[in-house]
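Reading through the structure tokens given below for one structure.
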Amino acid sequence: MSDVNNQSSDPTIVVDGVSKWFGDVMSVNDVSLEIRPGLTGLLGPNGAGKTTLLRMICGLARPSGGEISVLGQSVRNNPELYHRLGVMPEHQSTYDFMTGRQFVELNGRLQGVPHLNDAVDQAIERVDMLGDQNRKLGGYSRGMKQRMRLAAVMVHDPEILLLDEPLSGTDPRQRIEFQDLMVKLASEGRTIMISSHILEEVEAVADRILLLVWGKLAASGDYRAIRQLLSEQPYVVRVGASDVRALAAGLISEPSVESISMDGEGHIQVLSRRMAELQIAIPRTARVLGIRLTRVDPLDDSLESVFSYLTRR
């Protein structure tokens, strides 16, 4: 496992040789890591063990082996510690008959929050939902529900936030607002851990990124360090256009293009190790040739390809 960060503050979460078995299936395999104040991204494809690891960190699941401590304490059967954590599962039912405010109030009562109305106001304001707080949750969009769920997680002002795929269902504007909020909360000294299967969702805010593959920690570091590990890995970009053959002919002489092929669905696939240059070359060539682009999808920018590459090293 490659580790490229050296943080000096004391860890708030320590995972020491932790494994988790479900019958004959190992979901987490001998993982050791330390999380410090700030924002950490936990990345991996579906089935990598991210959710299982988060559940063990917050005490919802017992490790099959190894030890976990949070704020210097064991997390299992420790109700006092739970008041210092904010946990947002990936899949959580909301009560559609409740208003958003009632949902946040319910979580505040369960946490024994003093001055409940003020705490609810502050939490809802932080996620920019004051204007919709009295609407029923059943009428919310997916992104609105995610924001109100986050308000419920923050209503008791926890020191640690564990958020499992929190950006699911949000639109680009909401993602930017969420990222800004996470940066602010981290700057206040909180420890925030966000899981995602999309590298770009957390690269703008995470101080450190942990890559999990098949239950093992494959690498850790900041975004640039992780990308540096992939410098030898070529990327494949699928491009759709009004005239893909003419576009391919125009692109083939670009220095950033290694090869071009047809994918059988009317698109071209461009192989490149110089993505920054390719991102400029594609629209520039299309504009010069008077070709309309219909899609540009980086096929290998998924974490499955990242992990496949890392585990071959």
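The values are calculated or read from the model by the stated rules, or taken from the named source; none is laboratory data. Since this is a predicted model, take the numbers as computed values, not measurements. Here the Cβ is made from the backbone with ideal geometry for all residues, glycine too, and neighbour counts use every protein chain on show.
Kindly indicate which of A61, A48 is hydrophobic (A, V, I, L, M, F, W, C) and surrounded by 22 or more Cβ atoms within 10 Å (Cβ to Cβ).
Testing whether each residue is hydrophobic (A, V, I, L, M, F, W, C) and surrounded by 22 or more Cβ atoms within 10 Å (Cβ to Cβ) leaves just A48.
Given the structure, is I124 closer than 14 Å to R149 by Cβ, touching a Leu at 6+ places or on another chain (Cβ under 8 Å) and among the β-branched types (V, I, T)?
Taking the combined requirement at face value, the residue satisfies it.
Among the residues of segment 114-168 satisfying the criterion of being acidic (D, E) and free of Cβ contacts under 8 Å to residues at least 24 places away in the same chain, which is nearest to L199 (Cα to Cα)?
Step by step, filter segment 114-168, then rank; the result is E125.
Quick check on segment 237-293: of everything there that is free of Cβ contacts under 8 Å to residues at least 40 places away in the same chain and hydroxyl-bearing (S, T, Y), which residue is surrounded by the fewest Cβ atoms within 10 Å (Cβ to Cβ)?
S253
Of the conditions (1) of a type outside the set (D, E, K, R); (2) assigned to a helix (DSSP H, G or I); (3) over 20 Å from A186 (Cα atoms); (4) within 24 Å of the chain's Cα centre (by Cα), A123 clears all except one; give me its number.
(3)
Of the conditions (1) assigned by TED's automatic domain parsing to the domain that holds R135; (2) outside any loop (DSSP other than H, G, I, E, B), A249 fails just one. Which one is it?
(1)
Taking the conditions exactly as written (of a type in the set (D, E, K, R) and over 21 Å from D10 (Cα atoms)), does R55 satisfy them or not?
yes
Can you give me the number of residues within segment 184-204 that are exposed (fewer than 15 other Cβ atoms within 10 Å of the Cβ) and either at pLDDT 80 or above or in contact with a His (Cβ under 9 Å, 6 or more places away or on another chain) (or both)?
Total meeting the criteria: 4.
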